[in-house]
Amino acid sequence: MGDRLKKQKAALIWRFLKSSVGIFALALVFSMLNTALNAVTPQVIRVAVDSVIGKQAYSLPQWLISAFSLEAARSDPARLLLASAGVILAVSVLSGICSYFSTMGVSKSSENFVKALRDELFGHIQRLPFAWHSQNQTGEIIQRCTSDVDVIRNFVSNQLLEVFRTVFLIVLSMGIMFSMNVKISLVALAFIPVVVIYSSVFYSKIAKRFRVADEAEGELSSTVQENLTGVRVVRAFGREGFEIDRFDERNDKFAGLWIRLGRLMSAYWGIGDLITGLQILTVIVMGVIEAVNGRITLGEFLAFVSYNATLVWPVRGLGRILSEMSKAGVSIERVAYILEAQPEQDSADSVEPPMNRDIGFHHINFTYEGQKPVLQDIDFTIRAGSTFAILGGTGSGKSTLMHLLDRLYDLPPECGSITVGDVDISKIKRSYLRKNIGMVLQEPFLFSRTIEENIRATRPGATKEEVRHAAQIACVDDAVEDFSNGYETIVGERGVTLSGGQKQRVAIARMLMQQAPVMVFDDSLSAVDSETDAQIRAALKTNLGKSTVILISHRITTLMQADRILVLDDGKIAELGTHEELIHKDGIYKSIYDIQMSSDDRKLLEKEVD
C-alpha cells in the first residue's frame, strides 16, 4: 500500500513537471557544476598550505604541474599565492554563474509546474458533479487549491533539486576525502546513516501531525469563508459574538496542533544539532591525531575540516528536506483527492436531440445519500410549450425534480427515468442539456461584476439593447436605471449590494438571455411583491413564445394560471390538474388557496384576468 501511494505521488509530480523537465534537468546540471566548483577551493587551500607555504611535493596531476611550471615557480611563493587567490576568485565567479542559471531554471520549471497544476485543478473542479461539491466545504477546497499547492511548489522548487544536489555532494566530497585519508573519512561517513535514519523516524511522525494540522487549517478557512459569505445574516441576528467564539475555538485548535508540531520540530532540530556537533568534533579530533602523528599534512587537515563542514550541513539539511517532503506528501494526497474525483462524463452515444418536446418523469424514486426517500414513484408529463406549475411544502422534492432534470444529480439505476421527447436525458450531452434548460433559483448567485456583465453571462456576445430588453421583461430595468452607474453598477460579492427582489430579477434577465426552449423558475419570485410578480409573469407570457415553462412557488397567484399544476406532498404526487380542477377538490391545493387568497390577492387576480 505504501509503495503504491509513493508511486501515485511520484506520478502526480511527473504529470505536471514533464512539460518542463528539460529546463529542470538543465538547472540540475548547473547545480551539480556549482557543487563541483565549490569542491575545488579546499584543494587550492591544501596545495597552498602544503606546497607553496610548506615544502611538500605537489599532490597534483603531472600535466597540471607541467602546464603551469609549478616546480619552477617555487622560487616565488608570493606569485603562487597570488595565483591561488586568482584561482579561487575564478572558481567563485563560475560558481556564481552556475548558481544563477540553476536558480533561474528551477524558478521557471517550478512556475510552469504550478501553473499546469492550478489549471488542471480549476478545470477539473469545473467538471466535478454537483453532488461532490455538496459533500465538500468550499473553504476546504480553496485551502487545497492554494496552501497545499504552494507546499507542493516549494517542494519542487527547493526540496526536489536539493535532494539530487545533496546526494551528489555526498558522493563527491566523500570520494575526495577517501582519496586523502580513509580512516577520517570512515568516521565522517559513519554519521551519515545515523542522521538519515534519525530523520526518517521523525519523518513519519511529522507527516501525521502535519496532516491533522492541515485539515484543521481547512476547517478554519471554511469558518472564515462561511462567515464572510453570510455576513448580512450574522449582522441581522447579532451573531457576532457567537461567530467570534466559534472562530476562536477552531483557531485555538489550529494553533495547538501547530504548537505540537513545533515541539516535534524543535526536538528534531535540537537532537540533529547535537549529532552534527558530535560529528564535527569527532572529525577534528581524529584529524588532529592524524596530523600530529604525521599521517596527514596540515593542508590535508584543513581540507578535511572544510569538506566536512561543507558536507555536514547539507546532510543535516537532508533531514529538513525529509521533514518538508512529509508536508509535501500530505499536500499531494490532498490535491490528488480532488484530481482523482470522478468528473461528469457523457456516454459514448450521447446525443443532442430537439429540446422543444414533451418532458416525461417516469416513476421517479430518489434518495440523497444518508437521508430518507425524497421522491417516491413520481410520474407525470409536461407538454412542450406549456406552462407547468409545481406546488409543495418545504422538503417535498420540488427543487430535486429540477436538479434531476438538469442532471445536477443522476438517477440511480432502477429508479425511473426522465425523457425529452423519446430520449432519456442520460443519453443527452450534459452541456447541451444545460444550455437548453434555463434555471433561476430561489437564491440566485450573482458575480462580483457589473449588472450588465451578470445579465450577459449566459450569452457573452449579446448587445446592450438585448441586455436591456431582457431586463425590461424581468421588470428590473427601471431599478437599474435608478442607480448612478446604471448597468455599469458593480454588484457586490454574491449580489450583496442589491435587494433580494432585484437579485432575483437580474437572475431572471440573465436566464432570459439564454433563450432556452425550457425555462425553470424555482421559487424565483419569492422576494418580490405580488404586483411585481404579476407584471413579470405577464411580460414572460408575452415574450417567451413557445418555450416550456416550469414554475415552482409557494404563492398560489404565481401558479394558478399554469396549464397544469402538480402538488407534491412528502415526495409523492398528491394532486395533478388545472387550477379549476384542483379548486373544486377538497385537497391540499384548495386549502392553500383558501389561506393565501386575501382580498388584496383577489383584487390582483381580477385585475390580471381583465
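Against the chain, whose longest principal axis comes from its Cα atoms, helix 530-543 is set at around 90 degrees. Segment Asn293..Asp273, full-extension length gain: 4.2 nm, with 0.36 nm per residue of separation and the alpha-carbon distance subtracted. Sparse packing (at most 16 other Cβ atoms within 10 Å of the Cβ) combined with a DSSP loop state is found for the following trypsin sites (Lys or Arg not before Pro) in segment 440-510: Arg449.
If each residue of separation counts as 0.36 nm, what is the full-extension length gain between Ser350 and Thr146 once their alpha-carbon separation is subtracted? Difference between extended and current length: 69.9 nm. Shown for Cys98, Cys415: other C-beta atoms within 10 Å of each C-beta, ranked fewest to most, produce the order Cys415, Cys98.
At an R0 of 30 angstrom, the distance between the Cβ atoms of Ser266 and Leu186 translates into a FRET efficiency of 0.40. The alpha-carbon of Lys464 sits under 28 angstrom from the alpha-carbons of these lysines, leaving out residues fewer than 8 places away in its chain: Lys435, Lys503, Lys541, Lys546. With a Förster radius of 30 Å applied to the beta-carbon distance between Gln376 and Glu581, the computed FRET efficiency rounds to 0.85. By other beta-carbon atoms within 10 Å, ranking Met104, Met265, Met439 with the fewest at the front produces Met104, Met265, Met439. Relative to the current alpha-carbon distance between Asp482 and Lys464, full extension at 0.36 nm per residue lengthens the span by 4.8 nm.
Computed across segment 184-283, the Kirkwood radius stands at 16.8 Å (inverse of mean 1/r, all Cα pairs). Simple spin-label estimate for Leu94 and Arg235 gives 6.7 nm between the two label positions (7 Å along the Cα-to-Cβ direction from each Cα).
Nearest 10 degrees, 0 to 90: what angle lies between the long axis of helix 2-17 and the longest principal axis of the chain (Cα atoms)? Helix 2-17 sits at roughly 80 degrees to that axis. Calculation over all alpha carbon pairs of segment 433-492 in 10 angstrom steps from 0 returns a P(r) of 21, 56, 22, 2 percent.
Which of (1) 227; (2) 188; (3) 247 is the computed volume of the Cα convex hull per residue in Å³ for the structure on display? Identified label for the calculated read-out: (1). Counting neighbouring Cβ atoms within 10 Å and putting the fewest first, the residues Leu559, Leu576, Leu172 line up as Leu576, Leu172, Leu559. Expressed in units of 2.2 N^0.38 Å, where N is the residue count, the Cα radius of gyration of segment 385-457 is 1.33. Given R0 = 41 Å, the distance between the Cβ atoms of Leu228 and Lys205 translates into a calculated FRET efficiency of 0.70.
Distance between the 7 Å Cα→Cβ label points at Phe445 and Tyr432: 2.6 nm.
Each of the GluC sites (Glu not before Pro) that DSSP puts in a loop and that has at most 12 other Cβ atoms within 10 Å breaks the chain; the longest unbroken stretch is 72-339. The Cα-based radius of gyration and maximum Cα-Cα distance (Dmax) for segment 333-380 are 17.0, 46 Å.
Rule-based calculations on the coordinates, nothing more; no lab input. These figures come from a predicted structure and were not determined experimentally. Heads up, the Cβs are rebuilt from the backbone with ideal geometry, glycines too, and the neighbour counts pull from every protein chain shown.
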